[in-house]
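A quick write-up on the structure given underneath.
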Amino acid sequence: MSGSLFVVGLGPGSPGALTPDATAALQAADALYGYGPYLARVAERPGQTRHPSDNREEGARAAAALRHAADGARVALLSGGDPGVFAMAAAVCEQIESGDDAWRSLDVTIVPGVTAMLAVAARVGAPLGHDFCAISLSDNLKPWDVVERRLDGAASGGFVIALYNPISSARPWQLGAAFERLRRHLPASTPTVFGRAVGRADEKVVVTSLGAADPASADMATLIIVGSTFTRVIERPGLTPLVYTPRSVASS
Ligand SMILES: C[S@@+](CC[C@H](N)C(=O)[O-])C[C@H]1O[C@@H](n2cnc3c(N)ncnc32)[C@H](O)[C@@H]1O
């Protein structure tokens with residue numbers, strides 16, 4: 001019996017942002033694997049088994065899902081946002097590369113989802129309208145000096161920067177250090193967006209500037225977008241401002 005593994009992106013949180021392909025993959029699965037709060041977002045179906053695990057256990061979770069699929073089941077492995085962005089799709093590839101040879105023959109499908117950076121950008125306008133990049137501030141899987149080099153390169157290279165994993169109780173100082181680093185390259189007036197829990201009931205989106213950006217305003221559920229020198233804010237009477245990065249850059 002040949003099984004299959006679907007690595008499914010759930011989007012940022014609202015049911016409307018779940019794609020029809022993701023819904024179909026979730027409904028068709030014999031077994032669901034995922035971080036507990038992500039599993040809780042999916043309606044229960046009789047006959048479908050659920051296998052929750054903790055946040056930090058991505059490698060073990062991916063291996064368990066692969067083992068189950070290799071036994072012949074149709075398995076869905078859940079990911080917040082998009083599974084390919086700082087998430088489970090890469091964890092699955094790591095396990096396939098280093099694990100059981102049989103896993104290389106498995107039918108593996110990655111089902112994309114709306115990543116947090118796009119969900120936050122859409123709330124405020126079009127800050128990603130020109131060249132941009134995404135950097136995870138977590139130094140669990142890479143040393144901090146690598147993060148600093150990438151921040152320097154991105155800011156001096158003119159990219160709008162989306163910061164994932166900005167802060168946690170185990171990583172309390174990194175976001176403040178990242179803002180300090182970015183202020184070396186960018187003016188204090190650079191538009192900066194904090195998007196927290198976008199698509200969920202406790203969503204909060206704040207537009208500020210790099211000079212005023214306060215690390216205490218962020219938590220683990222926050223995605224921060226720091227503009228480039230071209231990013232602009234359009235004030236509107238009675239409405240929230242629009243933040244956007246024009247599509248063109250004059251040659252310098
Ligand atoms: C491990 S990364 C996973 C990213 C996810 N795969 C994605 O594509 O959005 C977790 C980080 O994503 C961001 N994030 C995830 N969901 C979010 C949401 N609904 N609103 C704002 N940021 C979110 C936060 O920066 C959080 O620390």
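The values are calculated or read from the model by the stated rules, or taken from the named source; none is laboratory data. Not measured: the values here are computed from a predicted model. Positions of Cβ are generated from backbone atoms using ideal geometry, with glycine treated the same way; all protein chains shown enter the neighbour counts. Side chains included, ligands, DNA and RNA excluded: accessible areas come from the protein's heavy atoms. Shrake-Rupley method; radii C 1.70, N 1.55, O 1.52, S 1.80 Å.
Carbon-plus-sulfur accessible fraction, the chain (probe radius 1.4 Å, protein heavy atoms only): 53%.
Given Cα positions, please report Rg to Rh for the stretch 117-244, the hydrodynamic radius being the Kirkwood one.
Reported Rg/Rh, Kirkwood definition of Rh: 0.94.
For THR190, the residues whose modelled amide H falls within less than 5 Å of its own, excluding neighbours fewer than 5 places apart on the same chain, are LEU210, GLY211.
A cut-off of 5 Å between modelled amide H atoms, ignoring neighbours fewer than 5 places along the same chain, links LEU128 with THR245.
What value in Å³ per residue do you get for the convex hull of the alpha-carbon atoms in the stretch 4-114?
84
The residues of the stretch 4-114 present an accessible area of 47 Å² per residue when probed at 1.4 Å with all protein chains retained. Highest-first packing order for the peptide set 218-226, 173-181 is 218-226, 173-181, based on the mean count of other beta carbon atoms within 10 Å. Per residue, the stretch 117-244 exposes 48 Å² of solvent-accessible protein surface, assessed with a 1.4 angstrom probe and all protein chains in place. For the peptides 144-157, 119-132, residues were scored by their other Cβ atoms within 10 Å and the scores averaged per peptide; the highest-first order is 119-132, 144-157. Distance between the modelled labels on VAL146 and THR229, one decimal in nanometres: 3.0 nm (7 Å Cα→Cβ projection). In order along the stretch 180-186, the phi-based Karplus estimate (6.51 cos²θ - 1.76 cosθ + 1.60, θ = phi - 60°) of 3J(HN,Hα) comes to 4, 4, 5, 5, 5, 10, 10 Hz; Gly and Pro are listed as x. The share of alpha-carbon pairs in the chain lying farther apart than 31 Å comes to 31%.
Can you tell me the 0 to 90 degree angle between the C-alpha axis of helix 144-156 and the longest principal axis of the chain, rounded to 10? The angle comes out near 50 degrees.
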